[in-house]
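The values are calculated or read from the model by the stated rules, or taken from the named source; none is laboratory data. Bear in mind the structure is a predicted one, so any value in this text is a computation, not a measurement. Because the Cβ atoms are built from the backbone with ideal geometry, glycine has one as well, and the counts that use them run over all protein chains shown. To get the accessible areas, we keep the full protein, side chains included, count just its heavy atoms, and leave off ligands, DNA and RNA. Shrake-Rupley method; radii C 1.70, N 1.55, O 1.52, S 1.80 Å.
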Amino acid sequence: MNFLEALEFVLTSKNQAKIKYSSARGVDGINGKKFIEMIDNEKKLIQKKVKNNNYKFSNYKENLLIKNHNVTRQVSIPTQRDRLVLQVLLKILRNNFALNDNNIKRKIIDIKKNVGNFDSFIKVDIIEFYPSITHEKLLFILSNKIKDDSALEMIRLAITQPTISLKVPKKKRKLKINEKGIPQGLPISSFLADIYLDKIDKKHLNDKNIKYYRFVDDILILCNQSNIESIKDNISNDFKEIELKIHEFTNNQDKSHSGKIEDGFQYLGYKFTDTLVSVRASSVQRFYDSITKLFHSYKDEGPSNEFVFDLNAKITGIRYQEKTYGWINFFSEINDHTLLFKLDAHVKKMLNKYLQGSNIEVKKFSKAIFEIRKKSSNYITKDNVNKEAYKTIRSLEDDIDFY
């Protein structure tokens, strides 16, 4: 599939709906709604420039996200036109590379299944993962599968394009081509990162003496105590070969470390302690705060239909176009029902504080955990007609703190 064929595939009516409700604005200030109004002209422009091999990406707009402890992460926001082109490049990449399953829920299910077969674990954290990826090595890997030189060149242009801060006056902006690293936030970013680590993934996934899991730069290895030191040395050397570094192994649980499974460990927001599977404390607190914030935002409006919908969607998640989104869906593999009863109690407390005497029907986390596993459950909030569905989904996804 070449670029122009992939462009036709990406511009289906379903994908156009996603574009339309995208609120992201690049340096040109155009959101999805405005862009979709110009889609026919934009499509012709993209086709013309790609045919003439002169498509150029606009500078990405910088968005700084607070990761934790006031540590920021730079996210690069492309224009809507560039985002569409990057979606096409992603389609081409996926057609050429069959990578390992990166579904978080399936990883958690597999950990629950295998954790009893080992006595120890190793957590590996890569230092500055995205910014440290070497372009030369990445493009060499891509060239082994992608034979379309124009697509390869567009990928090269995409990862070298500067990211600028609109808060800095134009005269003081320093435009510097990215000579190393992949900008985070692009549609192709995570897939390119997975391609870069594919060789390491396959090596350790095929090792029958361990269970290996990776999501972006967060690696968990289930193993036995007798093999810990050799595994640490092995994986450190693996990353050196591709010019990446991992944090030294210490007792810092936020970085690379190892320990006994019986003492508990955390991975992707989940907390494993003996047979109890729960949610890490920071993720729980973030969700408590999100629930409280929702009540605050509606305190002057009373129990409106919009508030009831948003509250129940936060509790049960939401099903939209056969997909399920939300906190309870992401953490549906926990068995810590005490936590769910505490969340129900928090909602009740907020109702008594802000909406005492109201007769609104509020759902429960303690029931949603069972209903979320049923494909045909009527308990989970549905939204098949709401034009603001994508806005609701983005809000629910913001509740999930695991990375």
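Side notes on the structure shown:
- The chain - percent of accessible surface contributed by carbon and sulfur, probe 1.4 Å: 47
- Sorted on the mean count of surrounding Cβ atoms within 10 Å across their residues, most packed first, peptides 87-99, 36-48, 162-174 read 87-99, 36-48, 162-174.
- Per residue, the accessible area of region 254-340 comes to 46 Å², computed with a 1.4 Å probe over protein heavy atoms only.
- Kirkwood hydrodynamic radius computed over region 70-136 comes to 16.4 Å, based on all pairs of distinct alpha carbons.
- Dividing the Cα radius of gyration of the chain by its Kirkwood radius returns 0.98 for Rg/Rh.
- Relative contact order for the chain: 15 percent, from Cα pairs under 8 Å spaced at least 6 residues apart, divided by residue count.
- Region 279-399, relative contact order in percent, only Cα pairs under 8 angstrom and at least six apart counted: 38
- Taken along the Cα-to-beta-carbon direction at a fixed 7 Å, the label points for Ala281 and Lys353 span 2.1 nm.
- Rg/Rg_globular for region 279-399, with Rg_globular taken as 2.2 N^0.38 Å and Rg from C-alpha atoms: 1.00
- Per-residue ellipticity at 222 nm, computed for the chain from helices alone with -39500 (n - 2.57) per DSSP H run of at least four residues, works out to -13500 deg cm²/dmol.
- Amide hydrogen neighbours beyond the local backbone of Lys245, cut-off 5 Å, H modeled: Ile127
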